[in-house]
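Data first, discussion second: the structure below is written as structure tokens.
The values are calculated or read from the model by the stated rules, or taken from the named source; none is laboratory data. Computed from a prediction, not measured in an experiment: that's the story for all the values here. So basically every Cβ, Gly included, is an ideal-geometry build from the backbone, and we count neighbours across all protein chains shown. Heavy atoms of the whole protein, side chains included, go into the accessibility calculation; ligands, DNA and RNA do not. Shrake-Rupley method; radii C 1.70, N 1.55, O 1.52, S 1.80 Å.
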Amino acid sequence: MPTPTTYASQLTFAGLASEQSQGTALAPTSTILLNKDPGTKDNQVYLEDMALRNAMAEVYGAVQGPLSADWQLDGDVRSDTQGYLLGNILGDWTQTQPVTTPSTTTSGTNNAGATQISTTLGTGFTTGMTVQVGTGLTAEIVTIGTPSGNNLPIVKTARQASAGTLAFTHAAAQTVAQVDPAQLSTYAFALQNAGATNSQALVAQARSLTLTDWSGVTASTGARQFPGSMLSELSYSFDATKLLTFAAKASSWGSAAAGVTPTPSISSLVAIAGWNCAVGIGGPASGGTLVPSVTSMDITLTRALKVYPALGAKQPYIIRQGKFGVSGRFTIVAADETHILNYLNNVQPQLQIVYSTGSGLTAQTIQFDLAQVYYKAAALERGQEEVDVLVEFTGVANTTNVGASGGFSPLMVTIKNTVAVGTF
């Protein structure tokens, strides 16, 4: 008997790519490290023929109906891949980085959609250089082509890996400078509320993802791809005795075999210890509002999704995002009745969670800012040696945690890493 064909589960890996057009599959640009298999599942609807035929049977045939898929990822948090997930469920984000020379300013207004940056002095800028235009929430990082006088052509932007246009309008005299490669990038994620800004193709929607799931089983390439992916849930678990972990759930187009065999690209960043965290309640996670007695916490970001089947195609016409919310809970050692009274008196404090570890270009930061939460429940727990308080909270939409698209957002999540322009 010949040796049977089998595949090792331990060799499984998954990759992500940020799509330019929803449902158009892309090869993975990063491998996301997981603690268990990706939980991919095609949902092929079958339409049963149950027409009466002068017989006593029930089902006489079945034809294919609409096709979609679901997947779930569970793993340890690393700052170089979380941007895919945060950018997908939230939609609005800004990438900034400390700058160095050469440095100049914009000449006149540079409109969103422009294919080049008009500057007051293009000297010193070279082909392939990565530069930042503007500051604050409308800052954007781009890669330039060969300068033409004082004009810097754009060949890649942070939100468009293969397109060269500005996402925002920049007034005259805004800084244009090379980013410092010795410094980390900062990505700030908030709720997308506007239309086709940030190079989003759809009103108030995030860019979709392609998940590539390698099992070895698929013929030729060993992998199946799930394009058009949109997250419905992204949760984080903070526990002083465990690693910082995440779980993500998404819906997508039905899968297809990958056209090319993917190659894993393993992150060199270490997992983050759950204790390595600062929590602020009623203010920032420093000074008098730093709270050292929280023992565990979880936060869940949720997004309503609707998969739209349509006439003319088996795959979805679109998977569209709806309302967004954030909720969570924490356990704190009871020193007094502060959190019971917050619940009873409808005190809605600020909540900040900051993880920061490592140094230099391998440093990692992930920070959650909720300017306002309300307590849905708060109760004493006496199952341990000490008395604890278990608090359940919900983030309140506000104008502090917003991105460039404005409106309201219940939180902003900030990460720092060395991820290149045009990845997320």
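Numbers for the structure displayed
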read-out	value
Only listed residue being in contact with a strand residue (DSSP E or B) (Cβ under 8 Å, 6 or more places away or on another chain) and farther than 30 Å from ASP70 by Cα, chosen from ALA379, ALA335	ALA379
Among the candidates ILE272, ILE332, residue that is open to solvent by less than 80 Å² (accessible area, probe 1.4 Å), in contact with a Lys or Arg (Cβ under 9 Å, 6 or more places away or on another chain) and not acidic (Asp, Glu)	ILE272
Meets criteria (modelled with pLDDT of 95 or more and under 22 Å from GLU381 (Cα atoms)) for ILE281	yes
Failed condition for THR146, given (1) of a type in the set (Val, Ile, Thr); (2) assigned to a loop (DSSP other than H, G, I, E, B); (3) crowded, with 16+ Cβ neighbours inside 10 Å	(3)
Any strands (runs of 3 or more DSSP E) falling wholly within the range 240-342 and containing at least 1 residues that are within 28 Å of GLU19 (Cβ to Cβ) and hydrophobic (A, V, I, L, M, F, W, C)	245-253, 294-310, 313-333
Positions within the range 64-109 being of a type outside the set (D, E, K, R), outside any strand (DSSP E or B) and under 30 Å from LYS242 (Cβ atoms), in sequence order	VAL77, SER79, THR81, GLN82, GLY83, TYR84, LEU85, LEU86, GLY87, ASN88, ILE89, LEU90
Which numbered condition THR365 misses (of (1) closer than 20 Å to ILE272 by Cβ; (2) hydroxyl-bearing (Ser, Thr, Tyr); (3) in contact (Cβ under 8 Å) with a residue 24 or more places away in the chain; (4) open to solvent by 30 Å² or more (accessible area, probe 1.4 Å))	(4)
Flag for SER79 being closer than 30 Å to THR126 by Cβ, more than 32 Å from the chain's Cα centre (by Cα) and touching a residue at least 24 places away in the same chain (Cβ under 8 Å)	no
Options ILE299, ILE281; residue that is in contact with a Phe, Trp or Tyr (Cβ under 7 Å, 6 or more places away or on another chain), in contact (Cβ under 8 Å) with a residue 60 or more places away in the chain, within 30 Å of GLU392 (Cβ to Cβ) and of a type outside the set (Asp, Glu)	ILE299
Criterion: touching a helix residue (DSSP H, G or I) at 6+ places or on another chain (Cβ under 6 Å) and part of a strand (DSSP E or B) - qualifying residue of TYR375, TYR355	TYR375
